[in-house]
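Only one structure is covered here, and it is reproduced in the block below.
The values are calculated or read from the model by the stated rules, or taken from the named source; none is laboratory data. For clarity, every value in this text was computed on a predicted model and none was experimentally measured. Virtual Cβ from ideal backbone geometry, glycine too; neighbours counted across all protein chains shown. The accessibility values were calculated without ligands, DNA or RNA, using every heavy atom of the protein model including side chains. Shrake-Rupley method; radii C 1.70, N 1.55, O 1.52, S 1.80 Å.
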Amino acid sequence: MQASSGLRIGRILGIPIYVHASWMIIFVLITMSLAVQFTQQHPQWTSVQHWSVGIATSLLFFASVVFHELSHSMVARAYKIRVISITLFVFGGVARIGREPAKAMQEFNIAIAGPLASLFLAVGFYSLTLFFPYAEMTGALAVWLWKTNAMLALFNLLPGFPLDGGRIFRAIVWGVTKDFSRATKIAGTSGKIVAYGMILFGAGVAMRGQWSSGLWLAFIGWFLLNAAQESVAQVAIRETLSGLHAADVMSHEVPTVARILSLEEYGQEVARTGRRCHLVITDDRLMGMINVTTLNSVPRSEWVHNSVQAVMIPREKILWAKPEEPLLGLLERLVAADVNQMPVVSGGDDGAHIIGMITRDSILRVMQARSEVGSLSPTR
Ligand SMILES: [Zn+2]
């Protein structure tokens, strides 16, 4: 649900590609270790050659990960699921898609596309090694890339959520049990087992003296552990909010202010009532909306000289919610638009009528309360 983080490096097939800060460190580390490796194994090369093959190999590895994520994305698109972005992280990438797949079969196909793509690249680079000997630059590059892509495919097939293998596993459990949330919990648990397994295995390797690879494995395990917990928590949010609509959670109180009020007076109104958002009304007609954020966008010294009307969010720019709108989608809309509240409007174009206000806080309160008492009605 959070906005894409990292540096945007471009757009492929209409999908924005981001690079997380952690990736840049990895890129430098991989390039350096490759240059060192090539220096040891190919002393006949010049150091310019060591470094340029190192950089080219790193860049192609980076392209391989993008290719892996694009394969997930293309299958998702085939199911009419929007792909929001691709972000490259420490140990691979993440393709963010607009919604969860509707069917187990769709999730299975989206998930398996990535490892298949990496396997395809592994075979491609392997066949290059048949034509170029390892002593040549192309050969050295191809050997590293076929092995790394093969490892990427195998690692991603580990049956722990949120790795591709975990998604494949979840899709199978989902298909068999027809129960999405149960499948997620099972795949989340297997994700934790895989993660703890990697941490223990990494610790074992480190204790046998191979410190860097041991710590590296343990670190990836720890990263996976967090990701597994987060993914399960996100599904829990979906669970908690499913079956609820805007009308269930909105506040029926709709505070209003007159448009001729000065900002100074509006500030006093906010301070007096503690309400942070108001609709601006003239003769019972809606003109716009004003809130504390809008108020604070004007310097304090100018509050006396400006009216509410001068700074309010005009009517046509207000985001609306319908009373029957599902709460989960609404929360995603609030977060995406970076606003804290939306008026809830019922009726058609002629008789549009504001019946309440919905805020992020009120949604969070419901989530909190529901997690304390448990869901009262079966939602699935
Ligand atoms: Zn993948």
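Only helices (runs of 4 or more DSSP H) wholly contained in the stretch 239-357 count here; list those with 3 or more residues that are in contact (Cβ under 8 Å) with a residue 60 or more places away in the chain, open to solvent by less than 20 Å² (accessible area, probe 1.4 Å) and within 30 Å of Glu100 (Cα to Cα).
By residue number, 327-337.
Can you go through Thr87, Thr148 and tell me which one is crowded, with 19+ Cβ neighbours inside 10 Å, modelled with pLDDT under 85 and β-branched (Val, Ile, Thr)? Let's see the steps before the verdict.
Values: Thr148 fails: modelled with pLDDT under 85.
Result of the check over Thr87, Thr148: Thr87.
If a residue has to be more than 12 Å from the chain's Cα centre (by Cα), among the basic types (Lys, Arg) and either within 16 Å of Thr177 (Cβ to Cβ) or within 15 Å of the ligand (Cβ to nearest atom) (or both) to count, how many in the stretch 81-110 make the cut?
Counting residues in the stretch 81-110 that are more than 12 Å from the chain's Cα centre (by Cα), among the basic types (Lys, Arg) and either within 16 Å of Thr177 (Cβ to Cβ) or within 15 Å of the ligand (Cβ to nearest atom) (or both) gives 1.
Go through the residues of the stretch 152-172 one by one and say whether even a single one is of a type in the set (Lys, Arg), within 23 Å of Phe223 (Cα to Cα) and at pLDDT 85 or above.
Step one: filter the stretch 152-172 for residues of a type in the set (Lys, Arg), giving 167, 170.
Subset that is within 23 Å of Phe223 (Cα to Cα): 167, 170.
Add one more test, that the residue is at pLDDT 85 or above, and what stays is 167, 170.
Yes: the stretch 152-172 contains one or more residues that are of a type in the set (Lys, Arg), within 23 Å of Phe223 (Cα to Cα) and at pLDDT 85 or above.
For residues in the stretch 20-30 being among the aliphatic types (A, V, I, L, M) and either modelled with pLDDT under 80 or over 17 Å from Val143 (Cα atoms) (or both), which is least open to solvent (accessible area, probe 1.4 Å)? Working first, answer last.
First, pick out the residues of the stretch 20-30 that are among the aliphatic types (A, V, I, L, M): 21, 24-26, 28-30.
Then drop every residue that is not either modelled with pLDDT under 80 or over 17 Å from Val143 (Cα atoms) (or both), which leaves 21, 24-26, 28-29.
Details: Ala21: 65, Met24: 83, Ile25: 107, Ile26: 17, Val28: 76, Leu29: 96 Å².
Applying the filter and picking the extreme gives Ile26.
Please list, ordered by first then second residue, the pairs with beta carbon atoms under 6 Å, 6 or more apart or interchain, first in the stretch 158-183 and more than 13 Å from the ligand (Cβ to nearest atom), second open to solvent by 50 Å² or more (accessible area, probe 1.4 Å) and assigned to a loop (DSSP other than H, G, I, E, B).
Here the result reads Phe169/Pro159, each pair linking the stretch 158-183 to a residue that is open to solvent by 50 Å² or more (accessible area, probe 1.4 Å) and assigned to a loop (DSSP other than H, G, I, E, B).
Being within 16 Å of the ligand (Cβ to nearest atom), open to solvent by less than 20 Å² (accessible area, probe 1.4 Å) and farther than 13 Å from Leu145 by Cα is the filter here, so list the residues in the stretch 31-70 that pass it.
Step one: of the stretch 31-70, the residues within 16 Å of the ligand (Cβ to nearest atom) are 61-70.
Now restrict to residues that are open to solvent by less than 20 Å² (accessible area, probe 1.4 Å): 64-66, 68-69.
Val66, His68, Glu69 - these are the residues of the stretch 31-70 that are within 16 Å of the ligand (Cβ to nearest atom), open to solvent by less than 20 Å² (accessible area, probe 1.4 Å) and farther than 13 Å from Leu145 by Cα.
Scan the stretch 204-215 and give yes if some residue there is over 29 Å from Gln341 (Cα atoms), within 27 Å of the chain's Cα centre (by Cα) and without any contact (Cβ under 8 Å) to a residue 60 or more places away in the chain, otherwise no. Step through it out loud before you land on a result.
So in the stretch 204-215, the residues over 29 Å from Gln341 (Cα atoms) come out as 204-215.
Within this subset, residues satisfying the condition of being within 27 Å of the chain's Cα centre (by Cα) are 215.
Applying the additional criterion that residues be without any contact (Cβ under 8 Å) to a residue 60 or more places away in the chain yields 215.
Yes: one or more hits.
Go through Gly124, Gly139 for me and flag whichever is more than 17 Å from the chain's Cα centre (by Cα), more than 12 Å from the ligand (Cβ to nearest atom), open to solvent by less than 40 Å² (accessible area, probe 1.4 Å) and modelled with pLDDT under 90. Reasoning before the result, please.
On the way: Gly124 fails: modelled with pLDDT under 90.
The unique qualifying residue is Gly139.
For the stretch 108-135, what are the residues that are farther than 18 Å from Leu70 by Cβ and in a helix (DSSP H, G or I)? Before the answer, list the steps.
The initial filter retains those residues of the stretch 108-135 that are farther than 18 Å from Leu70 by Cβ, namely 108, 126-135.
Within the stretch 108-135, Phe108, Tyr126, Ser127, Leu128, Thr129, Leu130, Phe131 qualify.
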